[in-house]
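Participant: Quick one: structure below, then a few questions.
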Amino acid sequence: MSNATFTSRAAKSLRNSQLRRNINKATTTIRGKTARVTAELPDWEALRLAGREIKRSTLAELDKHLIALEESVTRAGGTVHWARDAAEAREIVVRLTKAHNTDQVIKIKSMTTDEIELNPALEGAGIRPYETDLADMIVQMGREKPSHLLVPAIHKNRVEIRDLFRDQMGSHGEGLSDRPTDLTKAARAYLRDKFLETRVAISGANFAVAETGSVVVVESEGNGRMCLTLPDVLISIMGIEKVLPRWQDLEVFLQLLPRAATGERMNPYTSIWTGTVPGDGPREFHLVLLDNGRSKILADEVSRETLHCIRCSRCLNVCPVYERAGGHAYDSMYQGPIGAIVTPQLKGLEEAGSLPYASSLCGACHEVCPVKINIPQILVHLRGKVVESKRETALGKLSGENMAMQVASRLFNNQQALEWSLWAGRLGQKLLTRDGVMPWLPPPLSGWTLSRDFPALPEQSFRDWWKQRENGK
Amino acid sequence: MRVSLFITCINDSLYPHTGQAVVRVLERLGHEVVFPEGQSCCGQMHHNSGYAPEAVAMVRQFVEIFREAEVVVVPSTSCTAMIRTQYPHLARHVAKDAALLEAVEALVPRVWEFSEFLTRKLGLTDVGAYYPHRVTYHSSCNSLRSLGLGDGPLTLLRHVRGLDLVELPNNTECCGFGGTFAVKNAETSTAMLTDKMRHILSTNAEICTAGDNSCLMHIGGGLSRQRTGVRTVHLAQILASTAEAPLA
Ligand code: SF4
């Protein structure tokens, strides 16, 4: 693992003017659209509350609903597989694919397959995965990571995309211009071949209904519909938190998701399938239920609601930190505010411990989240865990931050010590003050003076002024 | 009314003029102000940095000191938000102390942010202020989201005589302070601050005000570094200024 943190990765992307421009433009547009279509629904707040409550109560009895889902899927002709972690899930998918003697699969946008790093595992087994979502395809061709939950290639411009297509699409890419219609036409022709010649498809799932065994995929391009209907075999991978108890629950989520995600009243394609049907669609259907750390999140009463997330990406689109630092700074398929809480919980704080700090706690995410996840609260909770784990080591105890916090907390609990330290501070700052402000401070406060002056301590604190006033009365 | 002032650590040590202004406004309106000894910090810095047990100690201290208060007034939106939204959380999930939770829940409804106290508790829009300057107002994230103060502070500003109020574009966006965020992620924070300053400068205001000196320390620190000539002044200081005794 490299030593890169959110801070160091952001430092790089902050200087990338193309990226800054792309993200600013995209998020500003989408913010306006989502704000309009959520405001037009008189019961939007009620829908949010309903969504939150359905998720909460479902998670409270998750085991029951998952078993019900397994029964329904099996009854409808599908097969359910349980995967404890990413390795198990990869092994299941590779095994199922190999059983059909194929050397390629088509994929419909699925963050869960990115989470378990399925593509490298497939490639390792001699199976070539083709992403069919336009943006995912671009990211795959560029051998990059996605930079936005729903718009994974948000960081790319069309010249870069044209070059990728020319390079990798064979005859479809020859002499291609960078006009968006030409680019999408080429992608369409290229993908059409893949849809027709590939026998195994891999998908994620937005929802799965326990009572009927139906699985739901919501998308915009129609590539999903192709993947879900044309091949002989369909393998869907979903996190265990995606289950909904009743068919009726879809009413709430199929309103919440498109409006919060893309600012559309209804997304262009909603595919719902239940097991297998002779003579129509895939002949074989497998559903992989993935835990991979989710049951651990469920056990934590504060961060549990992380699992409410329906991956709409609205929190990214309103986040001032995401807008400037960009998706790659999060080094994860989950970016932005939700990424800052999900990734450390899935990957562990050792690997992603800088993410809970990637927020000014402004609360814009919590304000708009369609299922009302209190992301700032969870960020602070995770910071607590980072501090706790560091405190367990001697080095962590001696760290500048821990010592400063200890000193501050003693001072704040001791009046006289506080007054004395203010006096000492006034004396000490004489060296650093120029024209009433401090333009430079030593590390770790040098981060502040990178771009901001610090005010000098005034000669008299408020409490001294008050005392003087009381004495003079 | 007998108002207990919780000054907050930043105001106490760095911005005593804000506290003095609060006292001036409240006394001018005929209220008695008391300043309970032994108060210090709301614990926000510790809590937001992940030092929850240390923050709990400050919750206990706050409850101890203000338990009997008729009302507590706080000239800081973020400290008020800390008390209102995070004290119950800390008592329940970190201290796991039912007695503390009960004491917190009994006290919280009597804790008011300064402008909120004027507009919502006292029902005022005009406090008799005079401040002949061109001013823009930054609604802090906590004022907007945690406290839901809405237009309250703006209404107070609109009733200040002589004041030329200019709307700040993109007003709901964070200034990039975020406590330790400004230090730990200094570069991202700076990018946010730059955009905030760009909007402030576009108003041609000479002063940017807010209900929170931590945002203002951040914004003002940037405006000062860039030699923009624009100052930051806490809302209380504007409201304290009168034609007879004008404040800078
Ligand atoms: S946390 Fe909320 S806003 Fe963010 S992606 Fe998940 S559901 Fe959407």
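The values are calculated or read from the model by the stated rules, or taken from the named source; none is laboratory data. These numbers come from a predicted model, not from an experiment. Note: ideal-geometry Cβ built from the backbone for every residue, glycine included; neighbour counts use all protein chains shown.
Participant: Which residues, taken from the range A:234-279, are more than 27 Å from A:ARG48 (Cβ to Cβ), in contact with a Pro (Cβ under 9 Å, 6 or more places away or on another chain) and surrounded by fewer than 20 Cβ atoms within 10 Å (Cβ to Cβ)?
Facilitator: If the condition is that a residue be more than 27 Å from A:ARG48 (Cβ to Cβ), in contact with a Pro (Cβ under 9 Å, 6 or more places away or on another chain) and surrounded by fewer than 20 Cβ atoms within 10 Å (Cβ to Cβ), then A:THR276 is the only one that fits.
Participant: Of all residues being of a type in the set (A, V, I, L, M, F, W, C) and free of Cβ contacts under 8 Å to residues at least 60 places away in the same chain in the range A:370-392, which is farthest from the other protein chains (Cβ to nearest Cβ)? Just the residue, please. Give the steps one after another, and end with the answer.
Facilitator: Kept after step one, since they are of a type in the set (A, V, I, L, M, F, W, C), are these residues of the range A:370-392: A:371, A:373, A:375, A:378-380, A:382, A:386-387.
Filter once more, keeping what is free of Cβ contacts under 8 Å to residues at least 60 places away in the same chain: A:379-380, A:386-387.
Working: A:LEU379: 9, A:VAL380: 6, A:VAL386: 6, A:VAL387: 4 Å.
Looking at the filtered set, the residue picked out is A:LEU379.
Participant: Which of the residues spanning the range A:50-86 are among the hydroxyl-bearing types (Ser, Thr, Tyr) and not in a helix (DSSP H, G or I)? Break it down into steps so the answer makes sense when it comes.
Facilitator: Taking the range A:50-86 first, the residues among the hydroxyl-bearing types (Ser, Thr, Tyr) are A:57-58, A:72, A:74, A:79.
Correct list: A:THR79 only.
For every residue, the table says whether it meets (1) within 12 Å of chain A (Cβ to nearest Cβ); (2) of a type in the set (Gly, Ala, Ser).
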site	(1), (2)
B:GLU27	yes, no
B:GLY30	no, yes
B:GLU37	yes, no
B:CYS42	yes, no
B:SER49	yes, yes
B:ALA55	yes, yes
B:VAL59	yes, no
B:GLU64	yes, no
B:ARG67	no, no
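Participant: Also, I was wondering about something else. Which of the residues belonging to the range B:221-248 are away from chain A (no Cβ under 13 Å), outside any helix (DSSP H, G or I) and in contact (Cβ under 8 Å) with a residue 40 or more places away in the chain?
Facilitator: Of everything in the range B:221-248, those that are away from chain A (no Cβ under 13 Å), outside any helix (DSSP H, G or I) and in contact (Cβ under 8 Å) with a residue 40 or more places away in the chain turn out to be B:SER241, B:THR242, B:ALA243, B:PRO246, B:LEU247.
Participant: Would you confirm, using the coordinates I've provided, whether B:GLU116 is away from chain A (no Cβ under 14 Å), closer than 23 Å to B:ALA129 by Cα and part of a helix (DSSP H, G or I)? Before you say what the answer is, go through the steps one by one.
Facilitator: Details: away from chain A (no Cβ under 14 Å): yes; closer than 23 Å to B:ALA129 by Cα: yes; part of a helix (DSSP H, G or I): yes.
Yes.
Participant: Confirm whether B:VAL23 is assigned to a helix (DSSP H, G or I) and more than 11 Å from chain A (Cβ to nearest Cβ).
Facilitator: No, not satisfied.
Participant: Related question: Considering only residues that are at the interface with another protein chain (Cβ under 7 Å from one of its Cβ atoms) and surrounded by fewer than 24 Cβ atoms within 10 Å (Cβ to Cβ), which ones fall in the range B:194-220? First the steps, then the outcome.
Facilitator: Within the range B:194-220, the first condition is being at the interface with another protein chain (Cβ under 7 Å from one of its Cβ atoms), and the residues that meet it are B:217-218.
The answer is B:MET217, and nothing else.
Participant: Could you list, in sequence order, all residues of the range A:433-473 that are among the hydrophobic types (A, V, I, L, M, F, W, C) and either over 26 Å from B:LEU193 (Cβ atoms) or touching a residue at least 24 places away in the same chain (Cβ under 8 Å) (or both)? Walk me through it before giving the result.
Facilitator: Of all residues in the range A:433-473, those among the hydrophobic types (A, V, I, L, M, F, W, C) come to A:437-438, A:440-441, A:445, A:448, A:450, A:454, A:456-457, A:462, A:465-466.
Selection gives A:ALA456, A:LEU457, A:PHE462, A:TRP465, A:TRP466.
Participant: Oh, and also: Do we have any residue at all in the range A:318-335 that's touching a Phe, Trp or Tyr at 6+ places or on another chain (Cβ under 6 Å), within 13 Å of the ligand (Cβ to nearest atom), within 23 Å of A:ILE54 (Cβ to Cβ) and not assigned by TED's automatic domain parsing to the domain that holds A:ASN206? Working first, answer last.
Facilitator: Quick first cut of the range A:318-335, residues touching a Phe, Trp or Tyr at 6+ places or on another chain (Cβ under 6 Å) only: A:329.
Still in the list and also within 13 Å of the ligand (Cβ to nearest atom): none.
Taking every residue of the range A:318-335 in turn, none turns out to be touching a Phe, Trp or Tyr at 6+ places or on another chain (Cβ under 6 Å), within 13 Å of the ligand (Cβ to nearest atom), within 23 Å of A:ILE54 (Cβ to Cβ) and not assigned by TED's automatic domain parsing to the domain that holds A:ASN206.
Participant: Hey, could you check the range A:447-463 for residues that are more than 8 Å from chain B (Cβ to nearest Cβ) and either small (Gly, Ala, Ser) or surrounded by fewer than 18 Cβ atoms within 10 Å (Cβ to Cβ) (or both) and say which is nearest to B:VAL230 (Cα to Cα)? Spell out how you get there, then give the answer.
Facilitator: Within the range A:447-463, the first condition is being more than 8 Å from chain B (Cβ to nearest Cβ), and the residues that meet it are A:449, A:456, A:459.
Remaining after also requiring either small (Gly, Ala, Ser) or surrounded by fewer than 18 Cβ atoms within 10 Å (Cβ to Cβ) (or both): A:456, A:459.
On the way: A:ALA456: 18, A:GLU459: 23 Å.
So, considering only residues that are more than 8 Å from chain B (Cβ to nearest Cβ) and either small (Gly, Ala, Ser) or surrounded by fewer than 18 Cβ atoms within 10 Å (Cβ to Cβ) (or both), the one nearest to B:VAL230 (Cα to Cα) is A:ALA456.
Participant: Considering (1) more than 16 Å from the ligand (Cβ to nearest atom); (2) within 14 Å of chain B (Cβ to nearest Cβ), say which one A:SER359 fails and leave the rest.
Facilitator: With respect to (1) more than 16 Å from the ligand (Cβ to nearest atom); (2) within 14 Å of chain B (Cβ to nearest Cβ), A:SER359 is out only on (1).
Participant: If B:LEU144 meets every condition in (1) more than 30 Å from A:LEU355 (Cα to Cα); (2) of a type outside the set (D, E, K, R); (3) free of Cβ contacts under 8 Å to residues at least 40 places away in the same chain apart from one, which number is that one?
Facilitator: Here B:LEU144 clears every test but (1).
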